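Reviewing the structure listed below.
The values are calculated or read from the model by the stated rules, or taken from the named source; none is laboratory data. Please read these numbers as outputs of a predicted model, since none were measured by experiment. Counting neighbours? That spans all protein chains shown, and the Cβs are built from the backbone with ideal geometry, glycine included.
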Amino acid sequence: MNAGATIRLLTPDVVNKIAAGEIVERPASVLKELLENAIDAGATQIDIAIAAGGLKLIGVADNGCGMDRDNALLSIERHATSKIRTAEDVERVATLGFRGEAMAAIAACSRFHLLTRPPEALTGSELLISGGQLQDVRDTGGPAGTAIEVRDLFFNLPARRKFMRTAPTEMSHIQQTFLVHALAHPAIGFRLTVDARPMYALPAGASLEDRLRELFGPELISALRPVAGHSAALAVSGYAGLPSAARADRNEQYVFINRRPATAPIIAHAIREGYHTLLPAGRFPVLFLFLELDAERVDVNVHPTKREVRFREPQAIRDGLITALREALAAPAQPIAGAGPLTSAVPAPATPELRIDDLPSARIFHYPALPSMPPIMPSAPASGTVAPAPRADASGGDGPAAVANVSAPSAGPTRAPWAWCRVVGQIGGLYVILETEDGYAIMDPHAAHERVLFDRYLKAIGDGAVASQGLLTPETVEMPPRDALRVRQNLVLLRRMGFGIAEFGGNSFVVDALPAFLSGTTARAWLPDIARQLEESGARGGGARGQEDAVAQAACKAAVRSRDHLTVAEIERIVRDLAATEMPYTCPHGRPTLIYTSLRELAQKFGRI
């Protein structure tokens, strides 16, 4: 308190302007609040008009329940709301709005016009407010519902207006706000007009699939997998993007909690875990996720703008979301209704056999045995065998110049990401060109072999059937103290992974057996790296996540090298084995195994379309 100053109550006008600064950050904030009120009012059609990036006009008209004169006057008072009555109601908020602050805050910093009529009333009510001061109230005619115009935002707060960006920048925020609400409520029709020009006309009664197609187009939709998960705490629906559709930021991650655009730290964590081993660092999946749970299980009264929520049972929410994402990414591609066949970056494999492994907190998805392929493809290793593709003799041998067909079997299900493919050749001494039925793919053999070994090895661990191979001469490995500590803490895990390893005093370990697919390497080649991987996994190191990280590191060590000379037969074997994996699009570290180009894309580039 300032010396000699007297404490006194602020006037309602000052209070409203302070609230306006907290709630109304920019024109998009106004649109958000007005859209939430329209949706809560039961509207089936919402029309939006914007001028000058919302600084001149934000208009929202709906066909909802409307208000009578008394309620219209109360709606512009602070802490006046029809959505809660008692403190207990705050614990189970089921509407988008509930604070009763937004309308008063918006009216306090704009020229505000409200026209409203309940469907059963013969006349409506009109309110005119300027800078928080009520100018006029009168009876008037008008359609059922509510129409609000917010003009000259921050006209009476010049300091705030100076912080507004250019009209195009503010318009981009408005479009994003429009988009998330249109996505969250596809059954509602939305029209958006910008500077008197129609921008969107989204029909009412649409499905989520229709709304996605209208807003994002068929190209993005083709790379989505449906998400559907249910547990005692949570129901999850929506779509998850394939790794091939990942972005450099999170701008195309849309999460709705009880139809409210919101998020929580635990959700971001679950998304990272759901895509673990599928995406590299700095890449983010495309997501459209809808989480539905009892209102009592989520606290929306965390932030004035309601952007973030808290969960009563965060662990259950996290686990349910991780499971739903992993099941979606392991499931077969299915066409979105009305969109025709999917043409994703690489068409997805057919339905896998789903099994929950007995490892703590781990869900590992396995495929049944691969159907027999044409004789040109070498036979896949027997179940539980994790031998790598044979290395070619360094002096040469059959080069990949010959062209070979790798067709899917004519009968029975196939998990291949193509109906058929043809090995065309190898370029740059590394990348393999594959022709498919509707385009071509460029494969990185090292990344592809990593994925093959990772899936086989992880399955073998889960089945308790890792094949180990004893060393003729046990190998002693001396490690730095920190690495030695992590290995010591995970000896049981390493033995389960097929390593014959024991302490040998100090920071030394003796290794007398390796997993069969690592038999061509030495313990010194993999143990330090795996130790560091376990260290980076932190508290998770001894669990499923740390195990996956360690397996990925081992698979990387054992995979064919980038400059290995591969024969046609060896390439075909990698192609066939990759087609049988759970997620053929990326290696366990998230790098792409395949880059796909459709014939349609080629036709467009050559000007044929």
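Worth a mention:
- Residues (over 18 Å from LYS32 (Cα atoms) and surrounded by 21 or more Cβ atoms within 10 Å (Cβ to Cβ)) located in the range 170-209: none
- Of all residues in the range 36-63, those satisfying the criterion of being in a loop (DSSP other than H, G, I, E, B), at pLDDT 95 or above and crowded, with 19+ Cβ neighbours inside 10 Å are ALA43, ASN63.
- Any hit, the range 150-168, residues being out of contact with any Cys (no Cβ under 6 Å at 6 or more places or on another chain), part of a strand (DSSP E or B) and of a type outside the set (Asp, Glu): yes
- Filter result (modelled with pLDDT of 90 or more and part of a loop (DSSP other than H, G, I, E, B)) within the range 410-449: ASP444
- Flag for ILE106 being crowded, with 22+ Cβ neighbours inside 10 Å, under 21 Å from PHE256 (Cβ atoms), modelled with pLDDT of 90 or more and among the β-branched types (Val, Ile, Thr): no
Residue-wise test of (1) touching a strand residue (DSSP E or B) at 6+ places or on another chain (Cβ under 9 Å); (2) farther than 18 Å from ILE58 by Cα.
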position: LEU127; (1), (2): yes, no
position: SER130; (1), (2): yes, no
position: ILE148; (1), (2): yes, no
position: ALA159; (1), (2): no, yes
position: ARG165; (1), (2): no, no
position: PRO168; (1), (2): no, no
position: GLN175; (1), (2): yes, no
position: LEU183; (1), (2): yes, yes
position: ILE188; (1), (2): yes, yes
